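Let me begin by handing over the structure; questions about it come next.
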Amino acid sequence: MRDLKRSNSKLPAYKQLANLKFEVFTPMHWKLIVAGNKKIPMEVPFIQDLLFVHDTREKLDIITEKIPTLQYRYQKGRPYREPMTVRDTEMNRFIHAVNSAGNPRYYLPEELTADMCGRRIRIVGGNLNGYEGRLQTVRGSRVKRIIIELPTWLAASIEVNPEYIQLL
């Protein structure tokens, strides 16, 4: 879904929907916000207008009528007026991976280059047991990261322990 409110809104849509007992996920990251003369670290959405809501279309239609700044997201080339959806298994897998990491880094699909993505790996053991993805290659870095993707939407790189990495 899309939230058309300003980025400095007191009550963004993801908070409104959470207050209404909807299951909502929005990718968050830490950012320094200037308030007066102070810089305050705050957790803010990575993409301000991106929300993933898990519920039926009928219930969401009622909410979109009540909140004029909340809209469905549509993709070009899809059937007319058919909202974009993500499979439950893919979304749950992505959310679990992001929540298990201390500081995930998010990337838009166009930001991922062939140079960033290394070999295919599988995680054996730990919180991400069974996850498959690409090893992120960063020159000079001692930290190993796996890239987990939601195709055409978003990718997150998550720090993993090198002893859990199995090359495919």
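No value in this document is a laboratory result; all are computed from the given coordinates. Worth saying up front: this structure is predicted, and the values here are computed from it rather than measured. We place every Cβ from the backbone using ideal geometry, glycine too, and count neighbours over all the protein chains shown.
Quote the FRET efficiency, to the nearest 0.05, computed for LEU20 versus TYR80 with a Förster distance R0 of 30 Å and r equal to the Cβ-Cβ distance.
With R0 = 30 Å, the Cβ-Cβ based efficiency is 0.60.
Tell me the mean residue ellipticity at 222 nm calculated for the chain from its helices only (DSSP H runs of n ≥ 4, each -39500 (n - 2.57), averaged over every residue, nearest 500). Can you show the working numbers first?
Details: 3 runs with 30 residues, N = 168.
Helices in the chain give a 222 nm mean residue ellipticity of -5000 deg cm²/dmol.
In the structure displayed, which of LYS15/LYS59; LYS5/LYS76; LYS10/LYS31 lie more than 19 Å apart, Cα to Cα? Could the numbers behind the result be given before it?
Numbers: LYS15/LYS59 17 Å; LYS5/LYS76 23 Å; LYS10/LYS31 17 Å.
From the list (LYS15/LYS59; LYS5/LYS76; LYS10/LYS31), the Cα-Cα distance tops 19 Å for LYS5/LYS76.
Hey, another quick one. For the stretch 1-99, go through all pairs of different Cα atoms, get the mean of 1/r, take its inverse, and jot down that Kirkwood value in Å. All intermediate terms of the calculation are to be shown ahead of the outcome.
Details: mean 1/r = 0.0668 Å⁻¹.
With all distinct Cα pairs of the stretch 1-99 included, I get 15.0 Å.
Report the gain in length on full extension from LEU4 to ILE40: 0.36 nm times residue separation, minus Cα-Cα distance, nm rounded to one decimal.
Once the chain is fully extended between LEU4 and ILE40, it gains 10.5 nm.
Taking 35 Å as R0, compute the FRET efficiency from the Cβ-Cβ separation of ASN129 and THR69 and round it to 0.05.
E between ASN129 and THR69, to the nearest 0.05, is 0.30.
With +1 on the Cβ of every Lys and Arg and -1 on the Cβ of every Asp and Glu, and nothing else charged, how large is the dipole of the chain about its Cα centre, in debye rounded to the nearest 20?
Dipole magnitude for the chain comes out near 440 debye.
Among the trypsin sites (Lys or Arg not before Pro) within the stretch 125-168, which fall in a DSSP loop and have no more than 11 other Cβ atoms within 10 Å of their own Cβ?
For trypsin sites (Lys or Arg not before Pro) across the stretch 125-168 that sit outside H, G, I, E and B with at most 11 neighbouring Cβ atoms in 10 Å, the list reads ARG139, ARG142.
By the scheme Lys and Arg +1, Asp and Glu -1, what is the net charge of all other residues having a beta-carbon under 14 Å from that of GLU159?
+3
Taking amide H atoms as placed 1.01 Å from N in the peptide plane, list the residues 5 or more away in sequence, or in a different chain, whose amide H sits under 5 Å from that of HIS29.
Residues meeting the amide H criterion: VAL44, PHE46.
Which length gain, in nm to one decimal place, applies between ARG119 and HIS96 when the Cα-Cα distance is subtracted from 0.36 nm times their residue separation?
Stretched out fully, the ARG119 to HIS96 stretch lengthens by 6.1 nm.
Also, I was wondering about something else. In a shell of Cβ-Cβ distance under 12 Å around ARG122, excluding ARG122 itself, what net charge do Lys and Arg (+1) and Asp and Glu (-1) give?
Numbers: positive: ARG119, ARG120, ARG134; negative: GLU132.
Spelling it out: positives minus negatives among the neighbours equals +2.
Connecting C-alpha atoms closer than 10 Å in a GNM of the chain, tell me which of GLN136, GLN16, GLN71 has the biggest fluctuation.
Of GLN136, GLN16, GLN71, the most mobile in the Gaussian network model is GLN16.
A follow-up question, please. Roughly how compact is the stretch 41-145, stated as its Cα Rg over 2.2 N^0.38 Å to two decimals?
Dividing the Cα Rg of the stretch 41-145 by 2.2 N^0.38 Å gives 1.35.
Test of the criteria: in the stretch 53-134, which chymotrypsin sites (Phe, Trp or Tyr not before Pro) are in a DSSP loop and have at most 13 other Cβ atoms within 10 angstrom of their Cβ?
Hits after loop and neighbour filter: TYR80.
Here's another thing I want to ask about it. Between ILE47 and LEU168, take the C-beta separation as r, use R0 = 30 Å, and let me know the FRET efficiency to the nearest 0.05.
Numbers: r = 30 Å, r/R0 = 1.00.
After rounding, the FRET efficiency stands at 0.50.
Oh, and also: Calculate, axis by axis, the spread of Cα positions in the stretch 103-143 along the three principal axes, and write the results as whole Å, longest axis first.
Largest first, the stretch 103-143 extends 29, 23, 22 Å along its Cα principal axes.
What percent does the relative contact order of the chain come to when contacts are Cα pairs within less than 8 Å and at least six residues apart?
18 percent
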